[in-house]
Amino acid sequence: MKVIKAIYNFIVGDMVILIGVALAVTVLALINNISFLAPLKGFSGLFLIIAVLGSLVGSLSREAFSSRR
Amino acid sequence: MQWVVATASFLASAVEFVEAFTIVLVVGVTVNWRSALLGALAAAATLALLVATLGVALVQWVPLDILRTVIGTLLLIFGLKWLKNAILRYSGLKARHDEEAIYEENLAKIRARGEVGASSSRFDLFGFLLSYKSVLLEGLEVAFIVITFGLSAATDTVSRSNGIASAALGALLAGLLIILVGALVRAPLARVPENTLKFVVGIMLTTFGTFWTGEGFGVEWPLSDVFLLILAVIYLGASFLLIAWLKQVKKQQQVLEIEHQPAPTTVQTQEVNP
């Protein structure tokens, strides 16, 4: 458990960023592999940029308005 | 030679080397230089072994598309973490990294253990381990950046090796520069603009992470590689907006704190009748 926590803190250290990026990657994988979603492929890049910025804003908001600070 | 990879690796490594150097300096001054340098050298050897084995394994066995997706995602997470911390520090919501304070804190800890004996050249296990641990931990981040940057920038197996070599060269130059400057001034490198470096590296890692993750999923970026510059400008602009917003938030929080502070109580004096 200690090792997993150390790896998590080393690479991520932030749950909002991890979830945001994981969701974005999952959606991109779905768009890339499901033929029904193929028309959305042209918007994949834009979606990724918005997801990255969204994760950053989410994580910063949590830090800024956290009562623990 | 891939200059973008080497530069990114140089900047990221410089930040980590400053942090590691501070601890080695404390051990050298308080315990002795022999233990401090042996610990640092042992950690450097461990890191070199890690980069060589992991780097070679990844170069030879993992297909490029999978590598780009996985490493792009890792780079994205790593870059966002650095960028977030740099933005919080710029906006004043997080204290800036103070090498001088870290130096003094570690000095006090070692002195509290009664380990002051810099004049002794006897090998000291505590000093060795402290130096080894700090260089290894900070160096792991450097190794991570060297491997990911070196591999992701490549398009085939030959340029993958070239990419790792470029990134390793950037990290090596950063290490040498920090050691040289540190040896000359013999003090914690508090004047290195650490937050600015972290901010620049955060932007670079996020930019490359987005680009390679997208390419891993078959995204065709407009203008091809030139789009990296556009991405960097987008993230830079967004970061400045976020810093301005968070500064406002901090001001509002300070005003609210002042308003909610209890008013000073007036001391009521009672007349004492004899």
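The values are calculated or read from the model by the stated rules, or taken from the named source; none is laboratory data. Everything numeric here is computed off the predicted structure, so don't read it as measured data. No Cβ is skipped: glycine too gets one built from the backbone with ideal geometry, and neighbour counts run over all protein chains shown.
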Yes or no: A:Ser44 in a helix (DSSP H, G or I) and closer than 18 Å to B:Thr207 by Cβ? yes
Out of (1) among the small types (Gly, Ala, Ser); (2) more than 10 Å from chain B (Cβ to nearest Cβ); (3) over 21 Å from B:Ala244 (Cβ atoms), the one A:Ala24 does not meet is (2)
Of the residues in segment B:35-45, those that are within 20 Å of B:Ile147 (Cα to Cα) and without any contact (Cβ under 8 Å) to a residue 24 or more places away in the chain come to B:Ala45
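Is it the case that B:Asp98 is modelled with pLDDT under 75, among the acidic types (Asp, Glu) and closer than 24 Å to B:Phe211 by Cα?
The answer is no for B:Asp98.
Conditions (1) facing chain B (nearest Cβ under 9 Å); (2) in contact with a Gly (Cβ under 9 Å, 6 or more places away or on another chain); (3) not hydrophobic (A, V, I, L, M, F, W, C), marked per residue:
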position	(1), (2), (3)
A:Gly13	yes, no, yes
A:Gly20	yes, yes, yes
A:Leu30	no, no, no
A:Phe36	no, no, no
A:Lys41	yes, yes, yes
A:Leu46	no, no, no
A:Ile50	no, no, no
A:Ser66	no, no, yes
Those residues of segment B:213-238 which are within 11 Å of chain A (Cβ to nearest Cβ), part of a helix (DSSP H, G or I) and in contact with a helix residue (DSSP H, G or I) (Cβ under 6 Å, 6 or more places away or on another chain) amount to B:Thr213, B:Gly214, B:Glu215, B:Gly216, B:Leu231, B:Tyr235, B:Ala238
(message) Any residue at all in segment B:133-144 that's acidic (Asp, Glu) and modelled with pLDDT of 70 or more?
(response) yes
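Here is a yes/no grid of residues against (1) within 10 Å of chain A (Cβ to nearest Cβ); (2) of a type in the set (A, V, I, L, M); (3) surrounded by fewer than 18 Cβ atoms within 10 Å (Cβ to Cβ):
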position	(1), (2), (3)
B:Ala174	no, yes, no
B:Thr196	no, no, yes
B:Phe240	no, no, yes
B:Leu246	yes, yes, no
For B:Ala48, are the conditions met, namely being assigned to a helix (DSSP H, G or I), touching a residue at least 12 places away in the same chain (Cβ under 8 Å) and within 19 Å of the chain's Cα centre (by Cα)? no
